[in-house]
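Enquirer: The structure that follows is given in the form of structure tokens.
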Amino acid sequence: MSDSSRVHLLERDAASPDAQKIFDALLATRGVVPNMFKVLAHRPEIAQGVAGFLKPLLSDGALPGFYKELIAVRVSQHHNSAYAIKAHSISARQKGAADSQIEGVANFESGPFSEKEKLGFRLADRLHQGAASVDDEFFTTLAASFSGPERIELFLTAAAFEMFPRFIDGLRIPVTPAPASK
């Protein structure tokens, strides 16, 4: 499985003590250590920074964690990143998204989403095209529906998941298997 990766996936026993702590925390919260972190374990300080960045970003905050995971799914679809689509679909489900919501992201305009949620997906689509696509008229519409803290989470989630699929797919990190059922 890891033979196709351009960087060897470190398993827990081969990782540094600092990376092992990250593995343990991920296993406890997600039920699996994502393969991205098995690559990042080569640089534990970066793995810690990425984990520290993602935890508050994708947890419940100004916006529900499941919705931010769905935004990550949408951006990942633009990148055709099987790894990221699967990972964020699993996380969205773990955080309370319905299967119909996960399946509806690709065609969100006709999916089971509120107008506000659809507007957030539209933002993700526009940011994928480039920041200039978020013109003043669109931003005014967005600001009428999303508070300042919600906009920060929404923009940062959509922007962050422009980077991660490129990192993952550029290094050909294999899709992480789903966590074992409990």
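Enquirer: Failed condition for residue 121, given (1) touching a residue at least 60 places away in the same chain (Cβ under 8 Å); (2) surrounded by 13 or more Cβ atoms within 10 Å (Cβ to Cβ), with all others met?
Expert: Of (1) touching a residue at least 60 places away in the same chain (Cβ under 8 Å); (2) surrounded by 13 or more Cβ atoms within 10 Å (Cβ to Cβ), only one is false for residue 121: (1).
Enquirer: Ok, one more. Report, by residue number, each residue of segment 93-105 that is closer than 22 Å to residue 177 by Cβ, part of a helix (DSSP H, G or I) and without any contact (Cβ under 8 Å) to a residue 40 or more places away in the chain.
Expert: Across segment 93-105, the qualifying residues are 93, 99, 102, 103, 105.
Enquirer: While we're on this one: Condition first: acidic (Asp, Glu) and either open to solvent by less than 20 Å² (accessible area, probe 1.4 Å) or farther than 30 Å from residue 145 by Cα (or both). Can you find one or more residues in segment 24-43 that meet it?
Expert: Yes, segment 24-43 contains a residue that is acidic (Asp, Glu) and either open to solvent by less than 20 Å² (accessible area, probe 1.4 Å) or farther than 30 Å from residue 145 by Cα (or both).
Enquirer: Still on this structure, please answer the following. Please list, ordered by first then second residue, the pairs with beta carbon atoms under 8 Å, 6 or more apart or interchain, first in segment 74-92 and over 19 Å from residue 59 (Cβ atoms) and open to solvent by less than 20 Å² (accessible area, probe 1.4 Å), second not small (Gly, Ala, Ser) and not in a helix (DSSP H, G or I).
Expert: 83/173; 83/174; 83/175; 83/176
The values are calculated or read from the model by the stated rules, or taken from the named source; none is laboratory data. Computed from a predicted model, the values in this text were never measured in an experiment. Every residue, glycine among them, receives a Cβ derived from its backbone with ideal geometry; neighbour counts consider all protein chains shown. Remember, those area values only see protein heavy atoms, side chains included, never the ligands or the DNA or RNA. Shrake-Rupley method; radii C 1.70, N 1.55, O 1.52, S 1.80 Å.
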